[in-house]
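Right, one structure below, let's go through it.
The values are calculated or read from the model by the stated rules, or taken from the named source; none is laboratory data. Note that this is a predicted model, so its numbers are computed, not measured. So basically every Cβ, Gly included, is an ideal-geometry build from the backbone, and we count neighbours across all protein chains shown. For the accessible areas, the whole protein counts, side chains as well, though only heavy atoms, and no ligand, DNA or RNA atoms are used. Shrake-Rupley method; radii C 1.70, N 1.55, O 1.52, S 1.80 Å.
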Amino acid sequence: MNGFLYDIKRTLTGKFTIIIVILLVLITGLTAYSVGVTSNSSTPGSVAIVMPYMNDTGHNLTISDYAINGYGAPVSGLKISSQLENFTGNGTTYVHIKGTTGSNGYFNTTVPYNSSTNYNYNIYLSYNDGSSVGLRMGVGFSNGHMSNYSECCIQQSYSISYSHSNGYSLYTANVREKGDGSAIKTMIFNRNYTSSTAPLHLYYNTSSTFNTNVYPNSNLNTKNVTGYGTMKSAEYTVILPLSIRNNGEYVNLYLANGTSGSTNVAPVAFTSFLYVDNNPGIALQGALVTFFGVLFVPILGIFSAYFYYSKDRASGIIESVIVRPITKGKLFLSRFIGTSVSFLAGIIIALAVADIILEHYTGAFISAGFFTEMLAGYLIEAIAFAGIIYLASQFIKSQGAVLGTGIGLLFALGFMWQVISGALLFLLKIKSTTSVYSKDSLILNAFSPSYFPYILADYYKNAFGTVTAASVGINIYSVIIIGIVWLLVPAGIAFYFTRKRD
Amino acid sequence: MITISHLSKSFNKFKAVSDLNLEIKNGEIMGFAGLNGAGKSTTIRAMAGIIFPTSGTVSIDNNDIVREKVKASKHLGWVPELPNFEVNAKPIPLLKYYGGFYEYGAGELDKKIKELMEEFGIYNYRNRKLKYYSQGMKKRFSLIAAMIGDPDNYLFDETLNGLDPQGVKEVRDIIINLKKDGKSVFLSSHILSELQNVADKIAIIKNGQLIKILTREELVNLGSSGIKIHITNPDKGVIDILSSFGETSLTGDYYFIKKGGNQDPAGINKELVMKNYMVDYIGRENETLEEYFLEMVK
């Protein structure tokens with residue numbers, strides 16, 4: 001085998017690489033476990049959302065409760081205990097109704113009906129094990145059609161709204177897309193759908209504040225919204241292209257029965273909800289970024305570089321390899337690439353394990369975006385620290401001095417960096433309340449590889465403290481430049497010197 | 001074949017090796033002698049490609065060790081003075097690592113490692129970490145590590161140091177066998193008698209400069225013959241007496257009268273005894289390599 005590839009293979013299969021992977025998996029796994037068990041979000045599969053529907057069939061009132069879980073799938077075996085309040089001129093009478101949903105998620109019943117009175121229908125529900133779950137609507141019924149009057153027990157990101165307009169009886173339920181904590185799946189149910197029901201066109205936009213301007217029957221200018229699709233059945237699933245960057249924004253959904261492509265349409269239903277990204281990656285990132293990012297990853301980079309290169313170089317062991325048919329430059333590259341690939345493999349495995357643990361506890365995987373962002377941030381950080389140690393090894397000849405330099409870097413660029421940068425800003429007399437402080441603080445963070453994952457996370461979330469990341473200069477270009485600098489510059493200079501110096 | 005052409009190496013302002021020219025032909029053993037700090041190890045490290053020459057070139061089978069490093073190193077084996085391998089490793093995995101840089105087919109490397117370890121008598125210790133090897137075993141491992149690529153050229157840097165007489169004999173036999181196999185060997189050593197025993201030539205280096213290359217013929221008839229004398233009650237008068245017989249020097253406890261003039265040992269002995277000196281040894285001798293070497297480098 002080519003000596004270059006052979007040395008990479010040896011580094012990858014070395015004992016220290018195995019130790020790296022085990023440590024990475026242990027730390028991220030334990031972090032994911034602590035994030036998972038302390039998560040207050042219910043597993044979507046154990047949530048029930050019940051949407052009642054009442055219909056006048058002459059002398060009877062047909063009641064149909066439809067239950068879905070947090071993923072939007074029908075819930076069977078759900079115990080429903082409900083009460084129909086009949087408001088008559090002589091007071092209120094009550095009808096107690098009990099039942100269990102079938103395999104299709106429906107519980108249907110019929111009660112006598114007096115068209116001259118108004119009704120309220122309240123639902124109480126529990127699973128067969130008796131545990132209280134979910135979200136339910138209380139609905140009113142008068143003059144032959146339904147109207148909502150309350151919703152109860154909203155859990156985390158789940159929400160439900162009801163709208164009755166122009167003959168449409170529409171429920172809009174926000175649930176989760178299975179396996180993706182970032183996506184909010186909006187399910188729209190037209191409970192009185194028939195084959196002759198006119199299609200509905202869906203539009204959406206986002207706003208920083210709750211939108212109270214557009215309600216059913218107000219004109220909607222379609223130039224100000226984005227068209228999503230057309231609802232031509234009783235059930236319609238919508239997954240809007242939202243991301244962590246929309247976190248905290250209000251999402252406005254409009255259903256209109258006008259002609260598709262018209263400039264002005266009249267919505268028959270409108271709902272607005274706060275977009276909260278429930279990706280478990282957010283919690284994992286928050287938990288990892290301190291201990292893992294500022295302490296463990298630098299240790300990983302420094303000690304890997306020490307064990308795979310600096311120690312051999314300082315002790316002279318590397319000379320027994322240099323005399324083989326390989327150049328100094330290629331030997332350097334093989335060790336450096338081997339070290340970097342071991343970081344890559346270790347971090348991928350560690351995040352994958354964390355992902356599985358989080359899915360077990362929260363029901364959602366880390367999104368691909370979060371996975372990639374965390375992988376890139378920690379990988380570049382580890383490679384940067386390794387590169388710095390490779391560089392130091394070109395000038396420092398003793399093992400002790402190399403290790404001392406590494407530990408010094410860990411202090412200076414790792415957990416003391418915030419103190420150092422704060423002291424620098426203090427000496428420069430920059431007040432912490434000013435916007436200049438934020439920018440300068442960010443610039444100083446760019447000088448420590450420990451803080452690259454922070455910068456990348458800020459860019460990904462488009463948030464830097466209380467302001468947007470873009471407003472302080474964190475954009476795709478600055479992030480790429482900082483990443484490339486840390487990825488290539490220390491190692492590149494070290495590579496230059498290893499080819500030129502003894 | 002190893003060719004060193006105008007090799008110089010400086011460390012900052014210190015010139016460790018200066019304009020060195022040597023050629024070690026196939027099937028030839030060249031000894032390399034010099035005092036500590038003369039530049040022997042620096043020369044060997046430059047020849048091995050570990051350090052870069054400041055100027056000049058080193059060619060291994062016509063491949064420049066700097067510009068054609070991979071080709072040159074394929075043909076070169078280096079046995080360092082001190083073990084420079086990972087001592088926490090076991091021998092076979094480490095030899096497999098070294099062997100991985102050469103072009104071995106499937107199974108060939110394992111076979112080669114087993115053969116060499118058996119030949120050098122350490123195969124039975126293959127499961128022992130190298131740090132538990134004796135000095136001699138480590139040296140043998142170094143030899144195997146140098147031979148793993150089956151090169152045609154060898155550099156031995158003070159390899160005989162620290163070996164017991166048995167070990168010295170073993171290494172000497174290995175070197176002679178390499179020569180018989182047509183390999184070129186460059187051997188630096190402080191044990192000059194061993195160099196004299198095995199080397200076809202001995203290059204003497206002083207302060208980084210080559211001062212003499214002794215051929216086999218010169219080694220056989222080394223230096224001037226003369227009379228060697230040991231006196232149990234010497235004083236300053238001895239030199240005066242002996243000087244009348246020729247140029248006289250004192251090395252340790254022995255007086256040496258260089259060849260020339262009236263040098264009849266019996267006559268010299270008679271003259272000393274008459275002056276009440278007690279002579280316990282007198283005889284004709286050639287100057288040793290050590291004496292010659294010390295004379296050259298002083």
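Residue-by-condition table, conditions (1) more than 15 Å from A:GLU381 (Cβ to Cβ); (2) without any contact (Cβ under 8 Å) to a residue 12 or more places away in the chain:
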{"residue": "A:TYR437", "(1), (2)": "yes, no"}
{"residue": "A:LEU442", "(1), (2)": "yes, no"}
{"residue": "A:PRO449", "(1), (2)": "no, no"}
{"residue": "A:PHE452", "(1), (2)": "no, no"}
{"residue": "A:GLY465", "(1), (2)": "yes, no"}
{"residue": "A:VAL489", "(1), (2)": "no, no"}
{"residue": "A:ALA494", "(1), (2)": "yes, no"}
{"residue": "A:ASP502", "(1), (2)": "yes, yes"}
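Within region B:68-85, can one find any residue that is in contact with a strand residue (DSSP E or B) (Cβ under 8 Å, 6 or more places away or on another chain), in a loop (DSSP other than H, G, I, E, B) and polar (S, T, N, Q)?
no
Sort out for me the helices (runs of 4 or more DSSP H) sitting completely within region B:188-298 that have 2 or more residues that are out of contact with any Asp or Glu (no Cβ under 7 Å at 6 or more places or on another chain) and more than 20 Å from B:MET30 (Cβ to Cβ).
On the way: elements: B:192-198, B:216-220, B:237-243, B:265-274, B:289-297.
In region B:188-298, the matching helices (runs of 4 or more DSSP H) lie at B:237-243, B:265-274, B:289-297.
Yes/no matrix, rows are residues, columns are (1) of a type outside the set (Lys, Arg); (2) outside the structural domain of A:LEU24 (by TED's automatic domain parsing); (3) within 17 Å of the chain's Cα centre (by Cα); (4) at pLDDT 90 or above:
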{"position": "A:PRO267", "(1), (2), (3), (4)": "yes, yes, no, no"}
{"position": "A:VAL323", "(1), (2), (3), (4)": "yes, no, no, yes"}
{"position": "A:ASP355", "(1), (2), (3), (4)": "yes, no, yes, yes"}
{"position": "A:GLU359", "(1), (2), (3), (4)": "yes, no, yes, no"}
{"position": "A:ALA368", "(1), (2), (3), (4)": "yes, no, yes, no"}
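From the list A:GLY369, A:GLY363, A:GLY346, A:GLY293, which residue is open to solvent by 10 Å² or more (accessible area, probe 1.4 Å) and within 30 Å of A:ALA183 (Cβ to Cβ)?
Working: A:GLY363 fails: open to solvent by 10 Å² or more (accessible area, probe 1.4 Å); A:GLY346 fails: open to solvent by 10 Å² or more (accessible area, probe 1.4 Å); A:GLY293 fails: open to solvent by 10 Å² or more (accessible area, probe 1.4 Å).
Residue meeting the stated conditions: A:GLY369.
Evaluate the following for B:PHE156: is it surrounded by 21 or more Cβ atoms within 10 Å (Cβ to Cβ), at pLDDT 90 or above and touching a strand residue (DSSP E or B) at 6+ places or on another chain (Cβ under 7 Å)?
Values: surrounded by 21 or more Cβ atoms within 10 Å (Cβ to Cβ): yes; at pLDDT 90 or above: yes; touching a strand residue (DSSP E or B) at 6+ places or on another chain (Cβ under 7 Å): yes.
Taking the combined requirement at face value, the residue satisfies it.
Could you please tell me which pairs satisfy a Cβ distance under 6 Å, a separation of 6+ or placement on different chains, a first residue in region B:101-112 that is within 13 Å of chain A (Cβ to nearest Cβ), and a second residue that is part of a helix (DSSP H, G or I)?
Short answer, once both residue conditions are applied: B:PHE101/A:GLY3; B:LEU109/B:GLY99.
If the requirement is being open to solvent by less than 20 Å² (accessible area, probe 1.4 Å) and either assigned by TED's automatic domain parsing to the domain that holds B:LEU192 or among the aliphatic types (A, V, I, L, M) (or both), which of these qualifies: B:LEU35, B:LEU94?
Residue meeting the stated conditions: B:LEU94.
Tell me which residues, restricted to region B:33-63, are under 17 Å from the mean Cα position of the chain (by Cα) and part of a strand (DSSP E or B).
B:ALA33
Which count do you get for residues in region A:375-418 that are modelled with pLDDT under 95, open to solvent by less than 10 Å² (accessible area, probe 1.4 Å) and more than 17 Å from A:LYS311 (Cβ to Cβ)?
Residues that pass the stated criteria total 1.
Is it true that B:ASN233 is modelled with pLDDT of 85 or more and either of a type in the set (A, V, I, L, M) or farther than 30 Å from B:ASN21 by Cα (or both)? Break it down into steps so the answer makes sense when it comes.
On the way: modelled with pLDDT of 85 or more: yes; either of a type in the set (A, V, I, L, M) or farther than 30 Å from B:ASN21 by Cα (or both): yes.
Answer is yes for this residue.
Which of the residues that make up region B:1-32 are under 17 Å from the mean Cα position of the chain (by Cα), open to solvent by 50 Å² or more (accessible area, probe 1.4 Å) and of a type in the set (Asp, Glu)?
The answer is B:GLU23, and nothing else.
Is at least one residue of region A:438-461 outside the structural domain of A:PHE371 (by TED's automatic domain parsing), more than 21 Å from A:THR290 (Cα to Cα), polar (S, T, N, Q) and in a helix (DSSP H, G or I)?
no
Which of the following residues is in contact with a helix residue (DSSP H, G or I) (Cβ under 8 Å, 6 or more places away or on another chain), open to solvent by less than 20 Å² (accessible area, probe 1.4 Å) and without any contact (Cβ under 8 Å) to a residue 40 or more places away in the chain: A:SER421, A:SER432?
Details: A:SER432 fails: open to solvent by less than 20 Å² (accessible area, probe 1.4 Å).
Selected residue: A:SER421, the only one of A:SER421, A:SER432 that is in contact with a helix residue (DSSP H, G or I) (Cβ under 8 Å, 6 or more places away or on another chain), open to solvent by less than 20 Å² (accessible area, probe 1.4 Å) and without any contact (Cβ under 8 Å) to a residue 40 or more places away in the chain.
Within region B:174-226, which residues are open to solvent by less than 10 Å² (accessible area, probe 1.4 Å), among the small types (Gly, Ala, Ser) and either under 16 Å from the mean Cα position of the chain (by Cα) or at pLDDT 85 or above (or both)?
Residues satisfying the conditions are B:SER184, B:SER188, B:SER189, B:ALA199, B:ALA203, B:GLY208.
If you check A:THR17 against the conditions, is it away from every other protein chain (no Cβ under 14 Å), among the hydroxyl-bearing types (Ser, Thr, Tyr) and within 30 Å of B:LEU95 (Cβ to Cβ)?
yes
Here are the criteria: (1) part of a helix (DSSP H, G or I); (2) closer than 16 Å to B:GLY100 by Cβ. Tell me which single one A:ALA305 does not satisfy.
Result: A:ALA305 passes all but (2).
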